[in-house]
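These notes are about the structure you will find just below.
The values are calculated or read from the model by the stated rules, or taken from the named source; none is laboratory data. Because the structure is predicted, anything quoted here is derived from the model rather than measured. Neighbour counts run over all protein chains shown; Cβ positions are idealised from the backbone, glycine included. The protein model used for the area step is the full one, side chains on, heavy atoms only, and it has no ligands, DNA or RNA in it. Shrake-Rupley method; radii C 1.70, N 1.55, O 1.52, S 1.80 Å.
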Amino acid sequence: EAGVAQSPRYKIIEKRQSVAFWCNPISGHATLYWYQQILGQGPKLLIQFQNNGVVDDSQLPKDRFSAERLKGVDSTLKIQPAKLEDSAVYLCASSLSFLRNEQFFGPGTRLTVL
Amino acid sequence: AQKVTQAQTEISVVEKEDVTLDCVYETRDTTYYLFWYKQPPSGELVFLIRRNSFDEQNEISGRYSWNFQKSTSSFNFTITASQVVDSAVYFCALSPMEYGNKLVFGAGTILRVKS
């Protein structure tokens, strides 16, 4: 069974530029999560989707971050414009449903904002 | 509010030593899940275990064992006879049994196993 796929693996941008990350969850997984992991910290949930609907985006900085999961499968997370403090690893995870919540994580995208 | 505390920032052991990673949590929910994840140098978080708040039985899986004590709000993880491949960052996490089930992670413990 294929795992959670993410791309790109690494991205370096200048501050104020835009960037987008892509995630393809495990086939059949209805719930998709985006986490931000700053160096030396545990992952922090940014947004959670159930199919193509948003369940929780309370910690998403909505002035600059946006995410969508239009067809209920893959998802994109966008930052526009990026700030220095956005440098982090962005992890995507999926689970069968919100009830079956063992979350399986992708390899992450390491973002460096200069 | 939910919170997970992993007080040990970094632990170093010599191969074959036993090591225990501590996890203390805070929650007002009466029902919840607790997790442990491993993050090797490659960066991908690997699921190790999930326990629900109704089940305080200890669990053993090979060299890994987990001790859940609701009375002290702790969910500690022990690796027996550690190996170099166990070197990683280990995260404890908490999730309420409600719609959403988001994970709240601790800051992680870096485990270094030396040969």
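Quick one: net charge around A:V113, please, counting Lys, Arg +1 and Asp, Glu -1 for every other residue with C-beta under 15 Å from its C-beta.
Net charge in that neighbourhood comes out at +4.
Mind listing the phi-derived Karplus ³J(HN,Hα) values for the stretch B:59-76, rounded to whole Hz, using 6.51, -1.76 and 1.60 with θ = phi - 60°, and x for any glycine or proline?
10, 10, 9, x, 7, 9, 9, 10, 10, 9, 10, 5, 5, 10, 6, 10, 9, 8
Expressed in nm to one decimal, what extension gain is obtained for the pair B:K3 and B:S115 from 0.36 nm per residue of sequence separation less their Cα-Cα distance?
Taking B:K3 through B:S115 to full extension adds about 36.9 nm, to one decimal.
Taking each pair of distinct Cα atoms in the protein assembly as shown once, what is the resulting Kirkwood hydrodynamic radius in Å?
18.2
With a 1.4 Å probe and every protein chain kept in, tell me what percent of the accessible surface of the protein assembly as shown is carbon plus sulfur.
50
Which residues in the stretch A:83-104 have a backbone N closer than 16 Å to a point placed 7 Å from the Cα of A:E14 along the Cα-to-Cβ line?
Answer for this model: A:83-84.
Nearest 0.05, what FRET efficiency do A:S58 and B:L48 give at R0 = 45 Å with Cβ-Cβ as r?
That pair, A:S58 with B:L48, gives E of 0.95.
Treat every Asp and Glu Cβ in the stretch A:2-114 as -1 and every Lys and Arg Cβ as +1, leave all other atoms uncharged, and give the resulting dipole magnitude about the Cα centre to the nearest 20 debye.
Charge dipole of the stretch A:2-114: 240 debye, to the nearest 20.
Hey, can you find the accessible area per residue of the stretch A:1-104 for me, probe 1.4 Å, expressed in square angstrom?
50
Could you compute how much accessible area chains A and B hide from each other, both sides summed, with a 1.4 Å probe? Nearest 100 Å² is fine.
Counting protein atoms only, the buried area is about 1800 Å².
Hey, how many Å between the Cα centroid of the stretch A:1-59 and the Cα centroid of the stretch A:67-88?
7
Considering only DSSP states other than H, G, I, E and B, which trypsin sites (Lys or Arg not before Pro) in the stretch B:51-84 qualify as loop sites with at most 16 other Cβ atoms within 10 Å?
B:R63
How big is the dipole moment of the stretch A:51-96 about its Cα centre under a simple scheme where the beta carbon of each Lys and Arg is +1, that of each Asp and Glu is -1, and everything else is neutral? Debye, nearest 20, please.
120
Taking accessible area as the heavy-atom solvent-accessible surface of the protein chains with a 1.4 Å probe, which residues of the stretch B:26-66 lose no less than 50 Å² upon going from the isolated chain to the full protein assembly?
Hits at the 50 Å² cut-off: B:E44, B:L45, B:R50.
Given springs between every Cα pair under 10 Å in a Gaussian network model of chain B, which of B:T80, B:T20, B:T30 has the largest fluctuation?
Answer for the Gaussian network model of chain B: B:T30.
Charges at C-beta only: +1 for Lys and Arg, -1 for Asp and Glu. How large is the resulting dipole of the protein assembly as shown about its Cα centre, in Debye rounded to 20?
With only Lys, Arg, Asp and Glu charged at Cβ, the dipole is about 620 debye.
Among the trypsin sites (Lys or Arg not before Pro) in the stretch A:7-114, which ones are in a DSSP loop with at most 15 other Cβ atoms within 10 Å of the Cβ? Mind listing them?
A:R9, A:K15, A:R16, A:K62, A:R64, A:K71, A:K83, A:R100
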